[in-house]
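Inspection log for the structure reproduced underneath, given as C-alpha coordinates.
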Amino acid sequence: MNVMSWMLVVISALVLSTAALSPVMAANAAMTTPAKPIAVDIRDFTFAPKTLTVSAGTRVVWTNRDEEPHVVVSAGNQFSPSRALDTSDSYAVTFDHAGTYTYYCAMHPMMVGTVIVK
Ligand SMILES: [Cu+2]
(Lines give C-alpha, C1' and ligand atoms only; values in the text may rest on other atoms or scores of the structure.)
Protein backbone atom coordinates (compact mmCIF):
# COMPACT_ATOMS: atom_id res chain seq x y z
CA MET A 1 0.00 0.00 0.00
CA ASN A 2 1.53 3.32 -1.05
CA VAL A 3 1.16 6.57 0.85
CA MET A 4 -1.67 7.87 -1.34
CA SER A 5 -3.89 4.85 -0.91
CA TRP A 6 -3.14 4.80 2.82
CA MET A 7 -4.24 8.45 2.99
CA LEU A 8 -7.46 7.55 1.19
CA VAL A 9 -8.18 4.83 3.72
CA VAL A 10 -7.62 7.22 6.62
CA ILE A 11 -9.78 9.94 5.06
CA SER A 12 -12.63 7.60 4.23
CA ALA A 13 -12.48 6.15 7.74
CA LEU A 14 -12.74 9.67 9.15
CA VAL A 15 -15.67 10.53 6.90
CA LEU A 16 -17.47 7.32 7.82
CA SER A 17 -16.97 7.78 11.54
CA THR A 18 -18.18 11.38 11.36
CA ALA A 19 -21.27 10.26 9.49
CA ALA A 20 -21.89 7.54 12.05
CA LEU A 21 -21.52 9.96 14.96
CA SER A 22 -23.62 12.80 13.62
CA PRO A 23 -27.05 11.28 14.48
CA VAL A 24 -25.84 10.87 18.07
CA MET A 25 -24.62 14.44 18.16
CA ALA A 26 -27.93 15.67 16.75
CA ALA A 27 -29.82 13.73 19.42
CA ASN A 28 -27.66 15.27 22.13
CA ALA A 29 -28.21 18.74 20.74
CA ALA A 30 -31.98 18.18 20.75
CA MET A 31 -31.95 17.18 24.40
CA THR A 32 -32.73 20.14 26.59
CA THR A 33 -32.37 20.43 30.32
CA PRO A 34 -35.75 20.35 32.10
CA ALA A 35 -37.16 23.83 31.94
CA LYS A 36 -38.18 25.65 35.07
CA PRO A 37 -41.91 26.30 35.54
CA ILE A 38 -43.05 29.51 33.90
CA ALA A 39 -45.50 31.72 35.77
CA VAL A 40 -48.51 33.41 34.22
CA ASP A 41 -50.27 35.89 36.48
CA ILE A 42 -53.98 36.50 36.17
CA ARG A 43 -54.33 40.11 37.16
CA ASP A 44 -56.83 42.87 36.35
CA PHE A 45 -58.75 40.45 34.12
CA THR A 46 -55.78 39.74 31.89
CA PHE A 47 -53.24 36.97 31.55
CA ALA A 48 -49.70 38.25 31.96
CA PRO A 49 -47.82 37.56 29.84
CA LYS A 50 -50.66 37.29 27.36
CA THR A 51 -48.49 35.36 24.91
CA LEU A 52 -45.84 33.02 26.21
CA THR A 53 -43.27 31.06 24.21
CA VAL A 54 -41.75 28.02 25.92
CA SER A 55 -39.83 24.91 24.95
CA ALA A 56 -41.57 21.52 24.94
CA GLY A 57 -41.75 19.96 28.37
CA THR A 58 -42.24 23.26 30.16
CA ARG A 59 -44.69 23.51 33.02
CA VAL A 60 -46.80 26.66 32.95
CA VAL A 61 -48.35 27.80 36.22
CA TRP A 62 -51.24 30.27 36.26
CA THR A 63 -51.90 32.09 39.52
CA ASN A 64 -54.95 34.23 40.14
CA ARG A 65 -53.96 37.64 41.56
CA ASP A 66 -57.48 39.06 41.29
CA GLU A 67 -60.23 39.15 43.88
CA GLU A 68 -62.55 37.57 41.28
CA PRO A 69 -62.40 33.86 40.43
CA HIS A 70 -61.06 32.85 37.02
CA VAL A 71 -61.03 29.57 35.08
CA VAL A 72 -58.31 28.62 32.58
CA VAL A 73 -59.85 26.78 29.60
CA SER A 74 -58.11 25.58 26.44
CA ALA A 75 -59.86 26.98 23.37
CA GLY A 76 -59.23 23.79 21.40
CA ASN A 77 -59.69 21.47 24.37
CA GLN A 78 -55.94 20.75 24.16
CA PHE A 79 -55.54 20.52 27.92
CA SER A 80 -57.84 20.00 30.87
CA PRO A 81 -59.57 23.10 32.23
CA SER A 82 -58.75 24.39 35.67
CA ARG A 83 -61.30 24.55 38.42
CA ALA A 84 -62.45 28.02 39.45
CA LEU A 85 -59.32 29.69 40.79
CA ASP A 86 -59.87 31.88 43.80
CA THR A 87 -57.40 34.55 44.85
CA SER A 88 -53.87 33.09 45.04
CA ASP A 89 -54.98 29.73 43.63
CA SER A 90 -52.75 28.18 40.97
CA TYR A 91 -53.22 25.84 38.06
CA ALA A 92 -50.40 24.10 36.18
CA VAL A 93 -50.15 22.42 32.78
CA THR A 94 -47.05 20.74 31.36
CA PHE A 95 -46.76 21.29 27.61
CA ASP A 96 -44.98 18.27 26.14
CA HIS A 97 -45.74 18.87 22.48
CA ALA A 98 -44.97 21.74 20.15
CA GLY A 99 -47.95 23.78 19.10
CA THR A 100 -49.99 26.89 19.72
CA TYR A 101 -52.32 26.66 22.69
CA THR A 102 -54.92 29.37 22.95
CA TYR A 103 -56.89 29.60 26.17
CA TYR A 104 -59.46 31.84 27.78
CA CYS A 105 -61.27 32.36 31.05
CA ALA A 106 -64.58 30.50 31.18
CA MET A 107 -66.09 33.26 33.32
CA HIS A 108 -64.75 36.18 31.27
CA PRO A 109 -64.32 34.89 27.71
CA MET A 110 -62.75 38.16 26.58
CA MET A 111 -59.75 37.15 28.68
CA VAL A 112 -57.55 35.30 26.17
CA GLY A 113 -53.97 34.08 26.27
CA THR A 114 -51.66 31.95 24.16
CA VAL A 115 -48.90 29.50 24.98
CA ILE A 116 -46.58 28.77 22.05
CA VAL A 117 -44.58 25.58 22.55
CA LYS A 118 -41.46 25.15 20.40
CU1 LIG B 1 -61.87 35.34 34.51
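Could you count how many residues in the stretch 45-78 are more than 10 Å from the ligand (Cβ to nearest atom) and not in a strand (DSSP E or B)?
Adding up the residues that qualify gives 11.
Residues in the stretch 45-58 that are buried (at least 16 other Cβ atoms within 10 Å of the Cβ) and over 9 Å from Gly113 (Cβ atoms): how many?
Let us first name the residues in the stretch 45-58 that are buried (at least 16 other Cβ atoms within 10 Å of the Cβ), namely 46-47, 52, 54, 58.
From the residues that got through so far, the ones that are over 9 Å from Gly113 (Cβ atoms) too are 54, 58.
Residues meeting the conditions: 2.
Examine the stretch 101-111 for a residue that is part of a strand (DSSP E or B), assigned by TED's automatic domain parsing to the domain that holds Ala56, within 16 Å of the ligand (Cβ to nearest atom) and among the small types (Gly, Ala, Ser), and state whether such a residue exists.
Checked against the condition, which is being part of a strand (DSSP E or B), assigned by TED's automatic domain parsing to the domain that holds Ala56, within 16 Å of the ligand (Cβ to nearest atom) and among the small types (Gly, Ala, Ser), the stretch 101-111 yields no hits at all.
The values are calculated or read from the model by the stated rules, or taken from the named source; none is laboratory data. Given the structure is predicted, the values throughout are model-derived calculations rather than measurements. Note: ideal-geometry Cβ built from the backbone for every residue, glycine included; neighbour counts use all protein chains shown.
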